[in-house]
Amino acid sequence: MAAAAETGPGFRSGFTCFVGRPNAGKSTLTNALVGSKVAITSGRPQTTRHAVRGIVHRDDAQLVLVDTPGLHRPRTLLGQRLNDVVRATLSEVDVVAFCVPANEAVGRGDRFIAEELARLPKRTPVVAVITKTDLVPDRDALGAQLLAVSSLADFADVVPVSAVSSFQVGVLADVLVGRLPAGPPLYPDGELTDEPEQVMVAELVREAALEGVRDELPHSLAVVVEEMIPREDRPADRPLLDVHVNVYVERPSQKAIIIGAKGARLKDVGTRARGQIEALLGTPVFLDLHVKVAKDWQRDPRQLRKLGF
């Protein structure tokens, strides 16, 4: 790993955790701030299943964003473990950014998270981030949401943003950087994430598999990259990487949905995922997908360990 860049006096560095209920726009905002895709996104709740770090490089600072799973009242052992990931992350960061969508009324889930954040040490500033402002019809509606969110706690700042239209994304970065401690860069210049390649490949496959599936399926999907190996006997100017991936579901009926009629849906998933993987790795890929049943894996400690949770 290359050494971090030299910096002058006044340089700031540190970690900011994005927290919020499922589907609050945390991953999309992380990607917008980093300027590159480091976290998968989906319209499905609880897409993010582990803490994903995205690194923002500036002349005056290095801001490390930690995108976390949505904090929620868990119904499964997987849900409990995802909440544990969030709580462990909250205890280790310099700033917390509490994301609340502009287009949805403040509800029990938001109040639940505000109560969780109230238990943090007083030294940890919490910035309220009103996401998805592009989906709000007028300023009055946005103003009402700002007031509603502000009533949840005494926040260090309240910032409305839109990752889609880039509205105030730079302002949010300035606010978060302003709350970081002075210090040298934590990662080498140009590094955008510390996610292992195999984890990112698995996430890209899961993102493709989430498109268009029924409501009950997203939580039942898990993806594991079994092997990534260069194809032997290929000329140097025509490399090929063999990527072998298992997609796990909980029931045979779900396996049939993922595969689709005569394998059409799985083929479509592979085509979309392969393009993203090749862009990530910078090399042609042969993607070998298999769908397997791991019965009730969300509730089984042994299966959760096998799947990396």
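The values are calculated or read from the model by the stated rules, or taken from the named source; none is laboratory data. Since the structure is predicted, the reported quantities are computational estimates derived from the model, not experimental observations. Neighbour counts are summed over all protein chains in view; Cβ atoms, including those assigned to glycine, are modelled from backbone coordinates with ideal geometry.
Looking at segment 168-195 only, could you name the residues that are on the phi > 0 side of the Ramachandran plot and either assigned by TED's automatic domain parsing to the domain that holds ALA97 or of a type in the set (Asp, Glu) (or both)?
Correct list: GLN168 only.
Does VAL269 fit the bill of being closer than 14 Å to GLN198 by Cα and surrounded by 12 or more Cβ atoms within 10 Å (Cβ to Cβ)?
no
Which of the residues that make up segment 213-235 are at pLDDT below 85 and more than 19 Å from the chain's Cα centre (by Cα)?
VAL213, ARG214, ASP215, GLU216
Please indicate, with yes or no, whether at least one residue in segment 177-188 is in a strand (DSSP E or B) and more than 25 Å from THR131 (Cα to Cα).
yes
I need every pair where a residue in segment 121-137 that is free of Cβ contacts under 8 Å to residues at least 40 places away in the same chain has its Cβ under 8 Å from the Cβ of a residue that is in a loop (DSSP other than H, G, I, E, B) and exposed (fewer than 14 other Cβ atoms within 10 Å of the Cβ), sequence separation at least 6 or different chains.
THR133/SER165; ASP134/SER165
Kindly establish whether LEU63 is part of a helix (DSSP H, G or I), modelled with pLDDT of 90 or more and in contact with a Leu (Cβ under 7 Å, 6 or more places away or on another chain).
No, not satisfied.
What are the residues in segment 172-187 that are closer than 18 Å to ASN31 by Cβ and basic (Lys, Arg), if any?
Within segment 172-187, no residue meets the criteria.
I'd like to check something: does segment 274-283 contain any residue that is surrounded by 15 or more Cβ atoms within 10 Å (Cβ to Cβ), in contact (Cβ under 8 Å) with a residue 12 or more places away in the chain and in a strand (DSSP E or B)?
No, every residue in segment 274-283 fails to be surrounded by 15 or more Cβ atoms within 10 Å (Cβ to Cβ), in contact (Cβ under 8 Å) with a residue 12 or more places away in the chain and in a strand (DSSP E or B).
Take the residues of segment 1-26 that are at pLDDT 85 or above and of a type outside the set (A, V, I, L, M, F, W, C): which is surrounded by the fewest Cβ atoms within 10 Å (Cβ to Cβ)? Break it down stepwise before answering.
As a first pass, look at segment 1-26 and keep what is at pLDDT 85 or above: 10-20, 24-26.
Filter once more, so that each one left must be of a type outside the set (A, V, I, L, M, F, W, C): 10, 12-14, 16, 20, 25-26.
Values: GLY10: 8, ARG12: 21, SER13: 22, GLY14: 19, THR16: 27, GLY20: 25, GLY25: 26, LYS26: 31.
Ranking the candidates gives GLY10 first.
Of the conditions (1) among the β-branched types (Val, Ile, Thr); (2) part of a helix (DSSP H, G or I); (3) touching a helix residue (DSSP H, G or I) at 6+ places or on another chain (Cβ under 7 Å); (4) under 30 Å from LEU65 (Cβ atoms), ILE258 clears all except one; give me its number.
Tallying (1) among the β-branched types (Val, Ile, Thr); (2) part of a helix (DSSP H, G or I); (3) touching a helix residue (DSSP H, G or I) at 6+ places or on another chain (Cβ under 7 Å); (4) under 30 Å from LEU65 (Cβ atoms), ILE258 fails exactly one: (4).
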